[in-house]
Structure formats: C-alpha cells, structure tokens
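See below for the structure under consideration.
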Amino acid sequence: MVKRAVAIFVSLVLGASFCFVFWVVASHDYNWSAIAPYWRNFLSGWWMTLMISAAALVASVLVGAILTGGQLSPYRIPRILSRAFVEIIRGTPLLTQILIGFYLVAPAIGWDSRFGVGLLVLACFSGAYLAEIFRGGVESIPQSQWLSAKAIGFTGAQTYRFVVIPQAIRRVLPASAGQFANLIKDSSLLFVISVHEFTMQAREVNANTYATFEAYLPLIFGYFILTFPISLLSRSLEKRFSYEH
Amino acid sequence: MSIEAKALSRFYGSTRAVDGVSLSLSDDVQVLALIGPSGGGKSTFLRLLGGLEAPTSGSLCIDGENLSTDELLLREWRKKNGFLFQSFNLFPHLSARENIVLPLVEVHDWLRSDAEQRADEVIDRFGLSAHSKKQPGQLSGGQQQRIALARAIAHEPRWLLLDEPTSALDPEMKAEVLDLIQELCESGQKIVLSTHEMGFARGAADHVVFLAQGQKVEEGDAEALFAGAETGEVRNFLAKVMKW
C-alpha cells in the first residue's frame, strides 16, 4: 500500500515537473539564426571538451589509484602525504587550483601548455575524489576475504589482483561514474586559462550575439551525449562484475 | 605430525589470546582436536600453527621446521597447509571451480589444465559436480563449506587446519561436512581442528587439547580425556556441553 502510494507520488511529481520544464523551455521564442553562423565554434569547443575530458579521465584514474595506494600504505609518510593531498584538493576551489597551476606553478617549471596544465589540474582534482571512492571500495571488502587470501598463500599483490580489486570494482563503479560526469562538466572552468572548450565557446557566442539561451542551450545536448554513455557503460559493467552475496 | 610449541603466546594489545602454551606431540598423532570455551584461544592457536599470525613470543616447530616471523617464510609455511574457516570465506566473485583452480595456478604454479582437472576431481569426490560452475552465493552453507574444504585439500597439504568448520551450519549441513572430514581422517590426512562438536572430536581425534583463557588446561589421548578428565574445569565443561 505504502509502496504503491510512493510509486504514484514519485511518478506524478517527476512526470509533471519534467513535462512542465520541457514545455517552458520548448515554448520559448528562439532565434536560432543568430547563432547558426557559429556552429564551427560549438563543434570545436565540444571536441576540445571531449579530448581534454577523455585524457583527464584516464589520468584521474591513475592519480586516484596512486593516492589510494598511498593512503593504504603500511608506511606513515606516503599515508600522510596522500591524505594531505586529498584533503587540500577536495577542500579548495577548482578555479583557484587552475589559476595557481597555470600562472604560478607551470611557469616556474617553464611549461606553458594550457591544454597540458588544464588536463593535469583536472586529473588531480578528480583523482582526489576518486581516491576516496577507491579507498572506500577496498576497505569495504570484509576482513575474512583478506584472511582467506592470506591462508591460501597469496602475496599482498595477488590478494589485491585476484580478490580485492575484482570485488571492489563492482562497489566503486556507480560513484566513479558520477565523478567522471563531474569531471566532464568541471572542465568548463578551464575558461579561466583560455582553453577553448565547449562552455567557453558558448560564452563567446553569447558575447557576440546576445542570444543567451540560443548560445547556452546546445551545452545541454553537448554535455549530455558525453556523460550519458558513461552512465550506460557503468551500468553494463556493474552487471558484468556482479555476483551474489 | 610432530609439534613442539614452547611458551607460545599471542597478545593483541592487553588481550592475551594465547598465553604461554607449550605442547609436545609425536609424529603418530594424526588428528588433533582443540576444544574449550569460546574465546579461549582455540582459533588464535590454530592461526599460529597455520602461520597466519606471528607469535608475540615463544617458539613453534612442526615436523622439525621452525616457524619464522619473516613474512616471506611465513607465506611458504602457509602454502603447505590447507586452512578452513568457520564462515567458509570462499571468493564470492568466482565460481566454485575457479575458487579451487586459482590458488593452484597462482600460488602452487600448476598448469591451468592440470589445476582444472584436479578441481573437477575434488569437486566430484565431494559430490558437488552439479554445482561447480555456480558462485558461492548460489550455494547452501553446507555446499560452500564443502567447496572450501575441497579448496583446502586440492594441493595436498601436509596438514589441514580446520577452524570450527561446522559452527555456522545447521544440523543437516553439519553432518554433510563432518562426514567429509571423517572421510579425510580415514584416508590418513593429518588434521588439526578446533571444534565444539564433542562427539566428533571424541570419535575422530587421537589427541585433544583443552584451551581456556589462552592457556592449556589439559591435554591427552582423546578417548581417555573424554572418559575422565583430570581437572574440574574440563569435567564441568564437558558435562555442560554434552548434556544436550
């Protein structure tokens, strides 16, 4: 009875809100011809976002894995350093990190690639979040599994490879997929160092045409076709790695 | 197996899980049972024997080999044993068969084809062929424990360490597992087990050690100890647990 009431309530509220917002957005009087000449800008911006996000995503998994290793290390110094890195990165604004990275740190080592610095800062930022997700996954594997692996004669590395990681992957997938979607959207902040990604192109089109909605609306579709496949992939991987408890 | 334990201890902080246990067993003991109240040190003692824990102090020598505290040597020690836990501890993401194959391939360096053949052999011997492709979550507790037992003996361990192998099972499944252990005893497998199944300990074990509060209270030939324990504590314990 309660289940049924909840189902009806959720369907009604979500369905109605969805229809309402869609109707409001669709019934606006748009002037698409104003932004039509700029389609190349959108396309190149979207492509830039795709490239930098894809590269940062791969790098962030690496950063996350290293930080997880550091946090779970039996030695104190890597543990403290990894912990500090995670706390500082997660506790401070990405915008500031990008500015410091590009205008202070990169020049100090003679590096001036906007793309490269942007990618690295994004990877570190997202990697810090992933590290916490991964650590939670590893720590959620019951002690009995570690003990059993030990009794069998597995080394530490074999225990991770055959026992802990295969089970942890299933548990960290949903949260990681969310973090990957965040990373793609967070890449829009790279406008502060003039990386010509998708959002920056939209801002420029807006500045040139004053057609605000027309300039920003394509972002919805552009970002969604990047983030939705990640969500789908995560679901299918969850199934592949699933097992009964 | 011959066991020489001298003042063997394992402390966790201020908890003295095993507190100065000495034991000397000759090679003609084939099945050793550890009995006593819960929290008395049976599991920890078994883990010390199996090299899963390094002793806080004291020494342990089995079949003339000293237990080291070096992790590399401890792992070599563990590889020679078969360990079975109370709560099965199979790997839930692998099939029953793969649970047996993986350690043979990765720890004991068998060829995969040989390992698979061996796994099928032990699974068949334990009457579980129909379940070999299932994951542990799809098996009953008794079936899981039998697979775990198959995994523990697949590499023909020098001895089998069983930590309350039937405590988590209902009576019917208990019987399934105890039958198998009995069969292993009869086939000459050397076994150390901690158990609350006094009937089984009495029937299957050659030698019994009673542990309480981390210390050895009494030990002796199984039949003799069950027939008439020397200490009041053991007599009381046996009278209580065997009453029902």
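The values are calculated or read from the model by the stated rules, or taken from the named source; none is laboratory data. Only a predicted model underlies this, so the values are computations on that prediction, with no experimental measurement involved. Cβ placement follows ideal geometry from the backbone for every residue including glycine, while neighbour counts extend to all protein chains displayed. Only protein heavy atoms, including side chains, enter the accessible area calculation; ligands, DNA and RNA are left aside. Shrake-Rupley method; radii C 1.70, N 1.55, O 1.52, S 1.80 Å.
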Highest-first arrangement of A:20-27, B:25-32, B:140-147, where packing means the average Cβ count within 10 Å:
B:140-147, B:25-32, A:20-27
Shape descriptors of region A:1-121 over alpha-carbon atoms, Rg and Dmax in angstrom, are 23.0, 67
Using only Cα atoms, figure out Rg for region B:154-244 and give it as a multiple of 2.2 N^0.38 Å.
1.12
Please list, in order along region A:91-98, the HN-Hα scalar couplings obtained from phi with the Karplus expression 6.51 cos²θ - 1.76 cosθ + 1.60 (θ = phi - 60°), rounded to whole Hz, x for Gly and Pro.
x, 10, x, 4, 4, 5, 4, 5
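How big, on average over all directions, is the shadow cast by the Cα convex hull of chain A, in nm²? Intermediate results must be reported in sequence, preceding the final value.
Details: hull surface 73.9 nm².
For the Cα atoms of chain A, the hull's average projected area reads 18.5 nm².
Please state the relative contact order of chain A as a whole percent: Cα pairs under 8 Å, 6+ residues apart? Present the calculation step by step, with values, prior to reporting the outcome.
Details: 238 pairs, mean separation 67.5, N = 245.
Over chain A, the number comes to 28 percent.
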Computed over the Cα atoms of region B:1-127, what is the ratio Rg over Rh, Rh following Kirkwood?
1.02
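Give me the summed buried accessible area for the B-A pair, 1.4 Å probe, to the nearest 100 Å². Spell out each step's value before the answer.
On the way: alone 11200 and 14990 Å², together 24240 Å².
Approximately 2000 Å², summed over both chains.
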From the cross-link list B:174/B:216; A:150/A:239; B:42/B:190; B:6/B:240, which pairs have alpha carbons spaced over 21 Å apart?
B:174/B:216; A:150/A:239; B:6/B:240
Ignoring ligands, DNA and RNA, please state the percent of accessible area on region B:23-164 from carbon and sulfur, probe 1.4 Å.
44 percent
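For region A:153-245, which chymotrypsin sites (Phe, Trp or Tyr not before Pro) pass both filters: DSSP loop (anything but H, G, I, E, B) and at most 12 other C-beta atoms within 10 Å? Walk me through the numbers before you get to the answer.
Details: sites: A:154, A:160, A:162, A:180, A:191, A:198, A:210, A:213, A:216, A:221, A:223, A:224, A:241, A:243; in loops: A:154, A:210, A:241, A:243.
Sparse-neighbourhood loop chymotrypsin sites (Phe, Trp or Tyr not before Pro): A:210.
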Where in region B:126-232 are there GluC sites (Glu not before Pro) that are in a DSSP coil and have at most 14 other Cβ atoms within 10 angstrom of their Cβ?
B:230
Would you mind putting B:160-171, B:13-24 in packing order, based on average other-beta-carbon counts within 10 Å, highest first?
B:160-171, B:13-24
If one takes the longest principal axis of the Cα atoms in chain B, at what angle in degrees, from 0 to 90 and to the nearest 10, does the Cα axis of helix B:112-125 lie?
60 degrees
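Per DSSP helix of 4 or more residues, -39500 (n - 2.57); summed, then divided by the residues of the protein assembly as shown. What does that give at 222 nm, rounded to the nearest 500? Each step should come with its number before you reach the end.
On the way: 18 runs with 274 residues, N = 489.
Taking each H run of at least 4 residues, the total per residue is -18500 deg cm²/dmol.
For residue B:109 and residue B:224, what does the FRET efficiency come to when R0 = 45 Å and r is the distance between their Cβ atoms, rounded to the nearest 0.05? Kindly include the intermediate steps, with their values, before the conclusion.
Working: r = 44 Å, r/R0 = 0.97.
Computed FRET efficiency for residue B:109 and residue B:224 comes out at 0.55.
Averaged per residue, what accessible surface does the protein assembly as shown expose to a 1.4 Å probe, in Å²? Write out the running numbers ahead of the final one.
Working: 24240 Å² over 489 residues.
Per residue, the protein assembly as shown has an accessible area of 50 Å².
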Debye-sum result for chain B in log10 I(q)/I(0), which assumes one identical scatterer on each alpha carbon, at q = 0.11, 0.14 Å⁻¹:
-0.58, -0.93
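Using only C-alpha atoms and all pairs of different ones, pull out the Kirkwood radius for region A:61-130 in Å with one decimal. Walk me through the numbers on the way to the answer.
Details: mean 1/r = 0.0791 Å⁻¹.
It is 12.6 Å.
To two decimal places, what compactness ratio does the protein assembly as shown give when its Cα radius of gyration is scaled by 2.2 N^0.38 Å? If you can, show how the numbers build up before the last one.
Values: Rg = 31.0 Å, N = 489, 2.2 N^0.38 = 23.1 Å.
Cα-based Rg divided by the globular estimate yields 1.34.
So what's the convex hull volume per residue for the Cα atoms of region B:86-156, in Å³?
On the way: hull volume 5.6 nm³, N = 71.
Spread over its residues, the Cα hull of region B:86-156 gives 79 Å³ apiece.
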Run the accessible area of region A:129-245 with a 1.4 Å probe and give the carbon-and-sulfur part as a rounded percent.
62 percent
Mind checking which of B:17, B:68, B:7 is farthest towards the positive end of region B:4-83's charge dipole, using Cβ charges of +1 (Lys, Arg) and -1 (Asp, Glu) about the Cα centre?
B:17
I'd like the residues of region B:54-86 whose 1.4 Å-probe accessible area shrinks by no less than 50 Å² going from the isolated chain to the full set of protein chains.
B:75, B:78
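Once Rh for region A:173-245 is found with the Kirkwood sum over Cα pairs, what is the Stokes-Einstein diffusion coefficient at 37 °C and 0.692 mPa s, in µm²/s?
Working: Rh = 14.0 Å.
So the translational diffusion coefficient is about 234 µm²/s.
Enumerate by residue number the chymotrypsin sites (Phe, Trp or Tyr not before Pro) in region A:27-127 meeting two conditions: DSSP loop (anything except H, G, I, E, B), and at most 15 other Cβ atoms within 10 Å of the site's Cβ. Numbers along the way, then the final one.
On the way: sites: A:30, A:32, A:38, A:39, A:42, A:46, A:47, A:75, A:85, A:102, A:103, A:111, A:115, A:125; in loops: A:30, A:75, A:111.
Taking region A:27-127 and a limit of 15 other Cβ atoms within 10 Å, the loop chymotrypsin sites (Phe, Trp or Tyr not before Pro) found are A:30, A:75, A:111.
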Cα-centred dipole magnitude for the protein assembly as shown, charges only on beta-carbon of K, R (+1) and D, E (-1), debye, nearest 20:
1600 debye
Sorting B:138, B:148, B:107 by the position of each Cα along the dipole of region B:68-158 (Lys, Arg +1; Asp, Glu -1; all at Cβ), the one nearest the positive end of that ordering is B:138
Residue by residue through region B:227-244, which ³J(HN,Hα) values in whole Hz follow from phi under the Karplus form 6.51 cos²θ - 1.76 cosθ + 1.60 (θ = phi - 60°), with glycine and proline marked x?
6, x, 6, 7, 8, x, 4, 5, 4, 4, 4, 5, 4, 5, 6, 9, 4, 9
